[in-house]
Amino acid sequence: MAKTHATHTAHGSQQAAQAHPDTTARADTARADSAAAKAFAPKYLSGFPDSVGNDTTVRPCASLPVVATPAQGAVEQYSNSPLHDTGSMCLLMAAIFFIAISYRTGYRYLENFAHNMFSVKRRENLFDDHTVNDTAIMSALVANTCIMEGLLLFYGITAAVPGIATAMQARVWLYVGALTGCTLAFYAVQLLLYSLLGYVFADRTATKLWVAGYNATQSLLGLALLPVAVVTLVYPATIGTTLTVAAVLYVCARIVFVSKGFRLFFSDFRASLYFILYLCSVEIVPPAAMLAGTIKMCELLQS
């Protein structure tokens with residue numbers, strides 16, 4: 001009976017093995033892998049040698065080429081400029097903003113630039129009177145001129161007087177604001193002076209034409225200086241060229257204004273002496289004194 005049961009069991013095992021040959025093969029493979037794992041020994045216990053079986057030589061890190069050699073020399077200090085100063089940029093944006101909002105109602109003032117700069121017609125005309133809108137856009141244009149001159153003076157003084165350049169670049173807003181205030185005060189003083197000279201030496205109509213010419217040339221000067229100032233802000237390396245262009249534009253504006261005054265007041269040869277005195281005392285000495293005063297003011301502000 002037992003023999004018969006053993007025979008049936010062996011026969012059943014043979015049938016199971018024949019029925020599942022893959023299972024048997026996987027079991028044999030697993031046993032072989034286990035035996036191989038027990039026999040594995042690391043080949044490079046102390047690290048890779050200089051030559052590994054594929055003929056690749058591992059070079060030391062010290063012998064590898066350097067991609068870039070750091071530049072030698074003193075560290076250059078970062079120089080601030082009005083382009084990176086919030087206050088200075090707010091001044092510039094405010095000037096453009098006020099011109100834009102006043103242009104819609106005061107565009108006729110721009111159309112009359114040529115008339116205001118060159119006309120010496122003394123006949124009274126109803127349309128020659130300035131309106132409130134003309135005064136608004138004229139004020140915006142004059143303020144723009146003062147701001148442009150303040151920015152360009154900042155760059156000019158830092159380039160011409162390197163001794164105070166570091167202090168000015170450390171407090172850009174203070175110096176740009178102070179220089180803009182100086183140019184605005186200089187405009188106001190000259191406007192008052194022209195009105196006084198006209199009151200003393202000329203009649204009301206000639207004085208009105210003369211002052212209108214001064215305001216027109218100053219307004220147009222600011223529009224011409226705007227792209228020059230922007231180029232100076234964005235490309236400081238061109239400061240020599242841009243400052244030269246700005247000086248030429250300023251001189252041209254003064255020549256246009258002086259020529260109008262010459263046609264208004266030069267009546268005979270005897271007036272030439274007064275005209276020469278006017279040029280020296282009003283058109284040459286004050287700008288030079290103003291420039292020297294701004295440099296002195298910047299030196300005082302750094303202390």
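The values are calculated or read from the model by the stated rules, or taken from the named source; none is laboratory data. This is a predicted model, so every value here is computed, not measured. With ideal geometry, Cβ positions are generated from the backbone for all residues, glycine too; neighbour counts draw on all protein chains shown. Keep in mind that these areas ignore ligands, DNA and RNA; they rest on the heavy atoms of the full protein, side chains included. Shrake-Rupley method; radii C 1.70, N 1.55, O 1.52, S 1.80 Å.
Reported count of residues in the stretch 212-238, each being open to solvent by 40 Å² or more (accessible area, probe 1.4 Å), farther than 30 Å from Val120 by Cα and part of a helix (DSSP H, G or I), is 7. Just need a number here: residues in the stretch 187-211 that are in a helix (DSSP H, G or I), hydrophobic (A, V, I, L, M, F, W, C) and over 23 Å from Leu110 (Cβ atoms). Total meeting the criteria: 8. Any idea which residue in the stretch 263-301 is nearest to Ala212 (Cα to Cα), counting only those that are modelled with pLDDT under 90 and open to solvent by 80 Å² or more (accessible area, probe 1.4 Å)? Only one residue tops the list, namely Arg263. Checked against the criterion of being in contact (Cβ under 8 Å) with a residue 60 or more places away in the chain and not β-branched (Val, Ile, Thr), the candidates Leu179, Leu191, Leu196 yield just one match: Leu179. All conditions in (1) small (Gly, Ala, Ser); (2) under 36 Å from the mean Cα position of the chain (by Cα); (3) open to solvent by less than 60 Å² (accessible area, probe 1.4 Å) hold for Gly198, with the sole exception of (2).
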